[in-house]
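Asker: Here it is, the structure, as C-alpha cells.
The values are calculated or read from the model by the stated rules, or taken from the named source; none is laboratory data. Computed from a predicted structure; not experimentally measured. Cβ placement follows ideal geometry from the backbone for every residue including glycine, while neighbour counts extend to all protein chains displayed. Keep in mind that these areas ignore ligands, DNA and RNA; they rest on the heavy atoms of the full protein, side chains included. Shrake-Rupley method; radii C 1.70, N 1.55, O 1.52, S 1.80 Å.
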Amino acid sequence: MIVAFFLFGFSFSFVGSITPSMLNMTALKISLEKGQKEVNKFAIGVSLVVALQAYIAVFLTRYISENPLVLETLEKAGIFIFAALSIYFYCASKKNKISSKPNTRKDEHAFFTGILLSVFNMFSIPFFCGVVVALESFSFFSFDVIPVVFFILGAVLGTFLILFLYGKFAKRAQQLTGKLTNDINIILAILTGLVAIFTAIKTFL
C-alpha cells in the first residue's frame with residue numbers, strides 16, 4: 001500500500017503537470033538558453049515548493065472532510081470556479097501559439113526562480129486537494145503519516161521528472177507546444193464545463 005500511495009502521488013503529479021504551463025515553459029526556455037544543468041536546479045526549486053503545497057492540500061482536505069458545512073460551501077463555490085475555468089480555457093484556445101523565445105535573464109538563479117514561480121502557482125494546492133478527495137472517495141487514501149509522506153514524495157518526483165523531460169527535449173517540445181496547448185485547452189474547457197454542470201446538479205437537485 002505504501003508503494004501505491006507513492007505511485008498515486010507520482011502519477012497524478014506527472015500527468016497533471018504534463019500540459020504546457022508557466023513552469024513547463026520556463027523549464028523549456030532555461031534549457032534552450034542555459035542547458036540541462038540549470039533546468040535541473042529549476043526543477044529542484046519547484047519540487048521543494050510542491051512538497052509543501054501537497055502537504056497543505058492533504059491537511060486542508062482532512063479538515064474539509066471533517067466539516068460537512070465547509071464542504072457544502074466549497075461545492076457551491078466550485079460551480080462558479082469551474083465555469084470560469086471553462087471560459088478561460090476556451091478563450092485561451094483561441095489565442096496564438098505560445099511564444100517560446102527565451103526571456104529568462106542571464107543573471108537569474110534557476111533554483112530560486114523555480115521556488116518563486118512555484119509559490120505563485122495557484123492551481124497546485126486545489127489540484128492536490130481534488131486528487132486526495134477523489135482517492136478518499138474510493139477509499140484509496142489514508143491520512144496516516146507514512147502514507148502521506150510517500151504520497152508527497154511521489155508528487156515531488158513526478159513534478160521533477162516532467163520538468164526534467166521538458167528541459168531534455170526542449171527543442172522538440174518547442175515545436176509542439178502551440179498545437180498541443182490549443183488542443184488541450186479545448187479539452188480542458190469541455191471537462192471543466194461538464195464538472196460545473198454536474199456539480200450544480202449534485203448541489204441543487
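Asker: Could you list all residues from the range 17-52 that are within 12 Å of I115 (Cα to Cα) and surrounded by fewer than 20 Cβ atoms within 10 Å (Cβ to Cβ)?
Answerer: If the condition is that a residue be within 12 Å of I115 (Cα to Cα) and surrounded by fewer than 20 Cβ atoms within 10 Å (Cβ to Cβ), then K41, I44, L48, A51, L52 are the ones that fit.
Asker: When you look at F42, is it of a type in the set (F, W, Y), assigned to a helix (DSSP H, G or I), within 18 Å of S142 (Cβ to Cβ) and modelled with pLDDT of 85 or more, yes or no?
Answerer: Taking the combined requirement at face value, the residue does not satisfy it.
Asker: Just a yes or no: is a residue in the range 65-72 part of a helix (DSSP H, G or I), modelled with pLDDT of 95 or more, over 15 Å from V132 (Cβ atoms) and of a type in the set (D, E, K, R)?
Answerer: no
Asker: Just to check your reading of the model, which residue among F14, F59 is open to solvent by less than 70 Å² (accessible area, probe 1.4 Å), at pLDDT 80 or above, part of a helix (DSSP H, G or I) and not β-branched (V, I, T)?
Answerer: Just a single option satisfies the conditions, and that option is F14.
Asker: Between F59, F5, F42, which is more than 28 Å from I186 (Cα to Cα), in contact with a Pro (Cβ under 9 Å, 6 or more places away or on another chain) and of a type outside the set (S, T, Y)?
Answerer: Answer to the check: F5.
Asker: Same structure again: Might you check whether a residue that is open to solvent by 20 Å² or more (accessible area, probe 1.4 Å), modelled with pLDDT of 85 or more and assigned to a helix (DSSP H, G or I) occurs anywhere in the range 184-192?
Answerer: Taking every residue of the range 184-192 in turn, none turns out to be open to solvent by 20 Å² or more (accessible area, probe 1.4 Å), modelled with pLDDT of 85 or more and assigned to a helix (DSSP H, G or I).
Asker: Identify the residue in the range 123-166 that is of a type outside the set (S, T, Y) and not in a helix (DSSP H, G or I) and, among all such residues, is least open to solvent (accessible area, probe 1.4 Å).
Answerer: Applying the filter and picking the extreme gives F141.
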